[in-house]
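Input: a single structure, listed below in C-alpha cells.
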Amino acid sequence: MKKLISILVILLSLSFFLEAQKIDVYQRPLQTERSRDFDAKHYRIALTFDLDKKYFEGENQITLSPLRDDFRECRLDAEELVVTSVLDSKNNPLKFKQDEKQIIVDLSQTYAYGETVTFTVKYNATDPKAGLFFDEENPSNPRMVSTISWPDNAHHWIPCYDFPHDKVTNEMIITVKDKYKVLSNGRLVSVKEEKKTRTKTYHWSQELPHSTYLFMLAIGPYAVIEDSLGSLPVTYWVYEKDVEDAKWIFKKTPAMIDYYNKIFGYEYPWAQYAQVTSPRMGGGAENTTATLLGQGVIHDKRAEQDFSWQRVIAHEVAHQWWGDLITLRTWSETWMNESFGTYCDYLWTQHDNGEDEGAYALLGKKNQYLREAHTRYMRPIVFDRYNRPHDNFDSHTYPKGACVLHMLRFILGDKPFFRTLKHFLHKHEFQAVDTHDLMIAVKDVSGQNLDWFFEQYIFKPGHPVFDISYTWDRDSQKLLLKVIQTQDTSQGIPVYTMPVIIGITTAEKKISEKVWIKQKEQVFEFPVKTKPLLVRFDEENYLLKEWTFDKNLDELLYQLQNDDVIGRSWAASELAEFGDDSRAINGLIDRALNDGFWAVRRNSVEALGRLKKRKHIDLFKEKCKDPNSSVRVAAIEILGDYEEAELVSFFVKRFKEDDSYLAQAETLRAIGKCGDRSQLSFLKEAAQMKSPRNVIQRAADWAIEKIGDAAR
Ligand SMILES: [Zn+2]
C-alpha cells in the first residue's frame, strides 16, 4: 500500500470539493513592462486636508528628465483628481487636457534628452475610492486618513508616473488641523504651527529614490511611541487606546532591523523606520520608511499564542531592503519582493524562536503552496499573464518563492548564498530589478551558472513528486534507494535536477550523503553493513516536494522517537495507518505526552484521534491541558467528535480555564456537538465575549445553530 503524507490526504480530498474553483491562469492577458518617455526625478507634494469634508487640495511640483529629444507632451497618471491648473517653472499657465486616467500637459516647448523640466500641477480631490482613504471615528479607530498606493494607486491622490520601475525622491508637505499628526516617507524636516488657523504643517522628505507604490501618508490623532536602533529612529504610530499593547507587540522591531543588517550585509538604508496602524489594511504595506499595518496587529497578551503578528512585522521590515531598496521591475516579477520578504520572515522566526520553530514555519509555507497547486493552479513564479497585479500576489509568489530561495541556499551553501544577497543589494540599490539580475549576481559571486535551477523552479510551473523506496541486502551489505519522479510532465512541469541529502542510521553509525537526482528514475547504492534503523530522504528538509515513502512499523517507530521535528511529525501521521497495532498506539501515546515539540504532540494526538477509540478519551482530556494551544485545540476538537453528553461539563470547565481564544472557541464548538438545549444560555453568554477576529462569537453562533438543528 502506498501512503501519501497526511497533509496531502487532506489536500487531495479538499481538491475534490474545490475542483470548481480551478483557474486556467494561462487564459489571463499577457502583460509587458510599460514604456515611458521621461524619468521622474522629484515630486514636491503640498496638500491641505479637511477631514470633515473628506477633501484635500494642493499641488505636485514635478521635476523630470526626458528620455527622448522631442519631449513636449507630458502624460501623468491621475484618477479621481480634479486638476485646476498647470504652471511652468515661472508660474506661467500651461495647457492641459484631462481624461479619466491621465492628465496630458503641453509643455509649450520641446525639451531634449537629459534636460531638466519642472512644472506644477494644482489639483483637489474628494473622498477617493482608491489610494487614499478617509475613515470616520468608530469603536475601532479614530477619524483619520491613510493611504495604500500599492500596487498602482498613488495616482488616485498624486498626479504622477505610477509604475514601479521609475524611482523618484519626494517631499510631502501636509497641512492638517492641529489635533492630528502626520506620518509620511523619509525624514521629518519640520512641523510648523499656525495658531490663527489652528493648523500644523508637517514637512517630510524622502531623500533617496523609491517607487510611487511605496508613497504613504497617515493622518490621525496618533500616539507615537519612540524607540531606536543606535542612531536610527524607530517609531510606532498607534491609536491612543493601543499604546500599552503596542509597546510589547513592536518591541522586537529594532532587533529585527539589527538582524537583517547583519545577514544582508547592507545597513538599513533609510532615515527612519515607522510602523503605523490603519483600518484599511489586512496585513501590511511596506511603504518606504513607514510600514502601514492592519489594526489587527494590536491585541491583548493572551491572544499572542494564536494571533501573533511577529512574522508579519518581520516580513515588512525585510521589505525595506527587498522591495523598497531594490524593487520588482514589473508585476510579473512579484517574487523579487514577496518571496524574499517571506523567506526573511522565516529567517527571523528561526533566529528568534529556534531551529524547530523555523523548520515548522518553512513546512507551513510548503504546504500553503501545495494547497494552491492542488486546488487552484500551477504557474511559473515569474509570470506575465494577469488581469491586475494582485493576481500574482498568491501562494506561488509568497511561500513557493521562499521555498525556492531556501533550495538556492542549499545548492550554493550558506556563505555564498548570503554573499550573493549582499552583492545583489549593493549592485542594484535604488534600482528596479528582475530575475535575470539575480541570476547574474549568483554567477558574479559564486562563479556557478545556476540558470538551470531558475529555469526549473522560477520559469516553469510545478514541483517534484517523489516515490521513494529502498531494499537492504544482508549478504552484499548494500542499500539500494530507488527514487522515481512521478509528477505529470505534460503541462510544462520538468523532470527535476536537484541535490538531496540521504541519511542512513544503523545501530553502529549514521551517514549523511548528498546525491544528485537528475533522471525520472534513479537507484542510489550505499554500503550499509547492518540493517538500517532509519533511511531519510531529504535530511534537513531542503526540498519543496511531495513524496511517498512506504515504511514498516519498526522504522516509523524509530523515526517517531529519533528524527528531527519534521520527520517525527511525519512519522506520527504515517502511524495512523497502522490502526489497532498496540506498538503504533503506544508510540503515539508516548509522543503525544512527552515530545518536546508541539507539532509532534499535535500530530500524535490527531493520529490517535483518527482511530476514535473510547479508551483514549482520558488521554485527550489530558491533552486539553497541553502547554501549547494548538495541541489543545486538536484534542478538544477530537473529544467533541465523540458527541458524548457527559463531556459537556468538562468543556464548560475548559472554556472557563483556558487562556487561548482558539481553544475556548473549540470548546464551544465541542459543546455544540455534544450538548443539548440546556447549554443555549451558556453559549449565548459566551457569544458576547470579545475576541480577535470574533473567533469566540463565531464558534458560539455555530454551536447554537448546531444544537438548534439537532433539536429540530
Ligand atoms: Zn510582503
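The values are calculated or read from the model by the stated rules, or taken from the named source; none is laboratory data. Just so it is clear, the model here is predicted, and its values are computed rather than measured. Using ideal geometry, Cβ is built from the backbone for each residue, glycine included, and neighbour counts are taken over all protein chains shown. Just so you know, the surface numbers come from the protein's heavy atoms only, side chains and all, with ligands and any DNA or RNA stripped out. Shrake-Rupley method; radii C 1.70, N 1.55, O 1.52, S 1.80 Å.
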statement: With criteria (1) open to solvent by 10 Å² or more (accessible area, probe 1.4 Å); (2) away from the ligand (no atom under 16 Å from the Cβ); (3) closer than 21 Å to Glu540 by Cα; (4) not aliphatic (A, V, I, L, M), Asp384 comes up short on (3)
- request: Kindly list, by first and then second residue, each pair from a residue in region 273-286 that is more than 22 Å from Glu137 (Cβ to Cβ) to a residue that is of a type in the set (A, V, I, L, M) and more than 14 Å from the ligand (Cβ to nearest atom), limited to pairs with Cβ atoms under 7 Å and residues at least 6 apart or on different chains.
  value: Tyr273/Leu232; Tyr273/Val234; Tyr273/Ile257; Ala274/Leu183; Ala274/Ala290
message: Just checking, does region 400-415 include any residue being within 16 Å of the ligand (Cβ to nearest atom), in contact (Cβ under 8 Å) with a residue 12 or more places away in the chain, open to solvent by less than 20 Å² (accessible area, probe 1.4 Å) and not in a helix (DSSP H, G or I)?
response: no
message: Filter region 419-446 down to the residues that are acidic (Asp, Glu) and under 14 Å from Phe340 (Cβ atoms) and list them by number.
response: Asp434, Asp437
statement: Checked pairs for region 332-356, first free of Cβ contacts under 8 Å to residues at least 12 places away in the same chain, second of a type outside the set (Lys, Arg) and within 16 Å of the ligand (Cβ to nearest atom), C-beta under 6 Å and 6 or more apart or across chains, list as none
- prompt: Mind checking which residues of region 599-633 are open to solvent by less than 10 Å² (accessible area, probe 1.4 Å) and outside any helix (DSSP H, G or I)?
  reply: Cys624, Asp626
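Of the residues Pro159, Pro142, only one is within 30 Å of Ser332 (Cβ to Cβ) and more than 27 Å from the chain's Cα centre (by Cα); which? Please lay out each step first, then the result.
Values: Pro142 fails: within 30 Å of Ser332 (Cβ to Cβ).
After applying the criteria, what remains is Pro159.
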- request: With the checklist (1) under 21 Å from Arg654 (Cβ atoms); (2) under 27 Å from the mean Cα position of the chain (by Cα) in hand, flag the one item Lys621 doesn't pass.
  value: (2)
task: Would you mind stating whether His390 is part of a helix (DSSP H, G or I), open to solvent by 50 Å² or more (accessible area, probe 1.4 Å) and either more than 16 Å from the ligand (Cβ to nearest atom) or modelled with pLDDT of 95 or more (or both)?
output: yes
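Looking at region 546-594, which of its residues are charged (D, E, K, R) and either within 30 Å of Glu372 (Cβ to Cβ) or open to solvent by 50 Å² or more (accessible area, probe 1.4 Å) (or both)? Please lay out each step first, then the result.
Here is the first cut: in region 546-594, the residues charged (D, E, K, R) are 546, 550-551, 554-555, 563-564, 568, 574, 577, 580-581, 583, 590-591.
If the condition is that a residue be charged (D, E, K, R) and either within 30 Å of Glu372 (Cβ to Cβ) or open to solvent by 50 Å² or more (accessible area, probe 1.4 Å) (or both), then Glu546, Asp550, Lys551, Asp554, Asp563, Asp564, Arg568, Glu574, Glu577, Asp580, Asp581, Arg583 are the ones that fit.
Going by what's in this entry, would Ser649 be described as small (Gly, Ala, Ser), closer than 30 Å to Asp590 by Cβ and open to solvent by 10 Å² or more (accessible area, probe 1.4 Å)?
Values: small (Gly, Ala, Ser): yes; closer than 30 Å to Asp590 by Cβ: yes; open to solvent by 10 Å² or more (accessible area, probe 1.4 Å): yes.
Spelling it out, Ser649 is indeed small (Gly, Ala, Ser), closer than 30 Å to Asp590 by Cβ and open to solvent by 10 Å² or more (accessible area, probe 1.4 Å).
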message: Considering only region 259-268, I want to know if a residue exists there that is of a type outside the set (S, T, N, Q), within 27 Å of Tyr202 (Cβ to Cβ), more than 16 Å from the ligand (Cβ to nearest atom) and crowded, with 16+ Cβ neighbours inside 10 Å.
response: yes
query: Within region 41-54, is there a residue that is at pLDDT 95 or above, within 23 Å of Leu208 (Cα to Cα) and open to solvent by 70 Å² or more (accessible area, probe 1.4 Å)?
result: yes
task: Could you tell me whether any residue of region 239-254 is within 16 Å of the ligand (Cβ to nearest atom) and open to solvent by 20 Å² or more (accessible area, probe 1.4 Å)?
output: no
task: Specify which of the listed residues (Phe119, Phe134) is closer than 30 Å to Asp242 by Cα and not in a loop (DSSP other than H, G, I, E, B).
output: Phe134
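Being modelled with pLDDT under 95 and open to solvent by less than 20 Å² (accessible area, probe 1.4 Å): is that true of Leu18 here? Break it down stepwise before answering.
On the way: modelled with pLDDT under 95: yes; open to solvent by less than 20 Å² (accessible area, probe 1.4 Å): no.
Judged against the criteria, Leu18 is not a match.
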- prompt: Any residue in region 197-218 that is part of a loop (DSSP other than H, G, I, E, B) and open to solvent by 50 Å² or more (accessible area, probe 1.4 Å)?
  reply: yes
- prompt: Counting only residues that are under 34 Å from the mean Cα position of the chain (by Cα) and either aliphatic (A, V, I, L, M) or more than 16 Å from Gly596 (Cα to Cα) (or both), how many does region 532-586 have?
  reply: 27
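Which of the residues that make up region 519-529 are of a type outside the set (A, V, I, L, M, F, W, C) and either open to solvent by less than 10 Å² (accessible area, probe 1.4 Å) or without any contact (Cβ under 8 Å) to a residue 40 or more places away in the chain (or both)? Give the derivation first.
First pass over region 519-529, keeping only residues of a type outside the set (A, V, I, L, M, F, W, C): 519-522, 525, 527, 529.
Matches in region 519-529: Gln519, Lys520, Glu521.
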- prompt: What number goes with the only condition from (1) part of a loop (DSSP other than H, G, I, E, B); (2) open to solvent by 20 Å² or more (accessible area, probe 1.4 Å) that Leu543 does not pass?
  reply: (2)
query: Which of (1) in contact (Cβ under 8 Å) with a residue 60 or more places away in the chain; (2) within 16 Å of the ligand (Cβ to nearest atom); (3) among the aromatic types (Phe, Trp, Tyr) does Tyr377 not meet, given it meets every other one?
result: (2)
task: Tell me, yes or no, whether region 124-143 has at least one residue that is open to solvent by 50 Å² or more (accessible area, probe 1.4 Å), at pLDDT 95 or above, farther than 26 Å from Ile298 by Cβ and polar (S, T, N, Q).
output: yes
query: So which helices (runs of 4 or more DSSP H) are wholly in region 277-356 and hold at least 3 residues that are open to solvent by less than 30 Å² (accessible area, probe 1.4 Å) and within 12 Å of the ligand (Cβ to nearest atom)?
result: 310-319, 335-353
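Would you call His155 part of a loop (DSSP other than H, G, I, E, B), in contact with a strand residue (DSSP E or B) (Cβ under 7 Å, 6 or more places away or on another chain), within 26 Å of Ile326 (Cβ to Cβ) and open to solvent by 10 Å² or more (accessible area, probe 1.4 Å)?
Working: part of a loop (DSSP other than H, G, I, E, B): no; in contact with a strand residue (DSSP E or B) (Cβ under 7 Å, 6 or more places away or on another chain): yes; within 26 Å of Ile326 (Cβ to Cβ): yes; open to solvent by 10 Å² or more (accessible area, probe 1.4 Å): yes.
No; evaluated as a whole, the condition is false for this residue.
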